[in-house]
1. Considering only segment 195-219, state which residues are within 13 Å of the ligand (Cβ to nearest atom), crowded, with 16+ Cβ neighbours inside 10 Å and of a type outside the set (Phe, Trp, Tyr).
2. Go through the residues of segment 307-322 one by one and say whether even a single one is closer than 30 Å to Gly137 by Cα, surrounded by fewer than 18 Cβ atoms within 10 Å (Cβ to Cβ) and more than 36 Å from the chain's Cα centre (by Cα).
3. Just to verify a result, which residue in segment 220-258, among those that are more than 12 Å from the ligand (Cβ to nearest atom) and assigned to a strand (DSSP E or B), is surrounded by the most Cβ atoms within 10 Å (Cβ to Cβ)?
4. Inside segment 168-196, can you point out the residues that are charged (D, E, K, R) and either at pLDDT below 95 or over 29 Å from Gln151 (Cα atoms) (or both)?
5. Against the conditions (1) part of a helix (DSSP H, G or I); (2) within 22 Å of the chain's Cα centre (by Cα), where does Gln178 fall short? Just the number, please.
6. Taking segment 277-302, which residues are more than 16 Å from the ligand (Cβ to nearest atom) and surrounded by fewer than 16 Cβ atoms within 10 Å (Cβ to Cβ)?
7. What is the one condition in (1) among the small types (Gly, Ala, Ser); (2) crowded, with 16+ Cβ neighbours inside 10 Å; (3) touching a Leu at 6+ places or on another chain (Cβ under 8 Å) that Ser117 does not satisfy?
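The values are calculated or read from the model by the stated rules, or taken from the named source; none is laboratory data. Since the model is a prediction, treat every value here as computed from it, not as a measurement. Positions of Cβ are generated from backbone atoms using ideal geometry, with glycine treated the same way; all protein chains shown enter the neighbour counts.
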Amino acid sequence: MLKDRINDLLGQVKDLQAANAEELEALRIKYLSKKGEITSLFNEFRDVPAEQKRELGQLLNQLRQEAEGRINELRESMANANANAEKLDLTRTPDPIALGTRHPLSLVREEIEDIFSRIGFTIAQGPEVEDDKHVYGMLNFAPEHPARDMQDTFFIEKEIGVQKPTDVLLRSHTSSVQTRVMTSQKPPIRVLCPGRVYRNEAISARAHCFFHQVEGLYIDKNVSFADLREALLYFSKEMFGADTKIRLRPSYFPFTEPSAEMDISCNICGGKGCSFCKGTGWVEILGCGMVDPNVLEACGIDSKVYSGYAFGMGVERITNLKYRVKDLRLFSENDVRFLRQFESC
Ligand code: DAH
């Protein structure tokens with residue numbers, strides 16, 4: 001019966017599917033082309049008795065409309081999918097792109113550099129593999145000074161396997177850059193020397209075999225201890241806040257005379273006393289002093305004409321205070337749980 005075949009096809013065309021343009025074209029040919037199934041039903045329709053023409057004619061037209069509608073629908077959704085695919089950049093890195101974080105020691109070192117650059121200091125660098133002369137000799141260390149001892153300094157063996165001390169070593173402080181700068185530049189000199197230093201120490205929460213220092217040096221005519229104090233007060237307030245107080249305690253370093261150690265009022269308890277400052281309200285952050293005339297002379301600078309000050313601070317120490325880091329090992333272990341905390345900086 002024609003009616004049954006029409007109804008059968010009506011059921012089929014509702015959910016026609018095509019995976020690509022070829023399949024879609026095959027459907028069109030199957031149902032709607034000159035030799036297609038629906039077209040041939042229209043041919044048979046001519047022979048239908050007059051009383052059935054109205055009903056079957058409507059049904060046939062409905063079938064053709066639905067077949068055309070479904071095929072057009074498939075064609076449109078295929079065109080949209082293609083347009084979207086063209087917008088996709090398949091070479092892009094998948095989101096989200098994980099950005100690295102700044103290392104806290106770099107952040108603090110840059111802050112120190114920034115503060116001193118505002119009062120005229122420029123950056124100077126020196127080698128990490130040094131010689132005895134620049135690290136100790138020209139800095140007025142007596143030949144038998146304990147800092148030269150094998151226990152403190154890493155000496156580099158000239159011949160592999162020969163275990164005797166040589167004068168090639170890993171610098172144990174950035175004061176060595178002072179001697180390099182003073183022998184290569186003429187006063188006035190105003191430099192800041194950041195860098196890594198090495199000491200033969202057992203690794204613990206409070207000591208490490210390498211750490212970072214920033215050395216400062218200012219040489220000119222008439223430089224006084226008051227200039228040193230002012231520069232360090234300015235630095236401390238910029239770094240730790242305007243309320244910060246400083247105090248200078250007499251000390252000894254071979255390369256400065258007089259020498260001092262500088263404490264700042266504890267920025268964690270505000271000077272009231274806490275576990276960080278061991279209840280004293282003060283924390284030591286650097287060593288400093290007036291450059292010893294022997295050092296100036298050893299570097300070829302006339303100590304009767306010029307004077308200067310120097311200071312040296314540990315970057316880890318400043319970072320501990322600023323970010324309350326209690327264990328030095330965190331700085332070199334690369335634990336992302338620690339490092340990610342500096343993301344927003
Ligand atoms: N070099 C010293 C150290 O490693 C720090 C230091 C102290 C540097 C006094 C200076 C200074 O320039 O004047 O502990």
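1. Gly195, Val197, Arg199, His212, Gln213, Val214, Glu215, Gly216, Leu217, Ile219
2. Looking for residues that are closer than 30 Å to Gly137 by Cα, surrounded by fewer than 18 Cβ atoms within 10 Å (Cβ to Cβ) and more than 36 Å from the chain's Cα centre (by Cα), one finds none in segment 307-322, hence no.
3. Here the residue is Ile246.
4. Lys186, Arg190
5. In the conditions (1) part of a helix (DSSP H, G or I); (2) within 22 Å of the chain's Cα centre (by Cα), Gln178 misses (2) alone.
6. Lys278, Gly279, Thr280, Glu297, Gly300, Asp302
7. So the condition that Ser117 fails would be (2).
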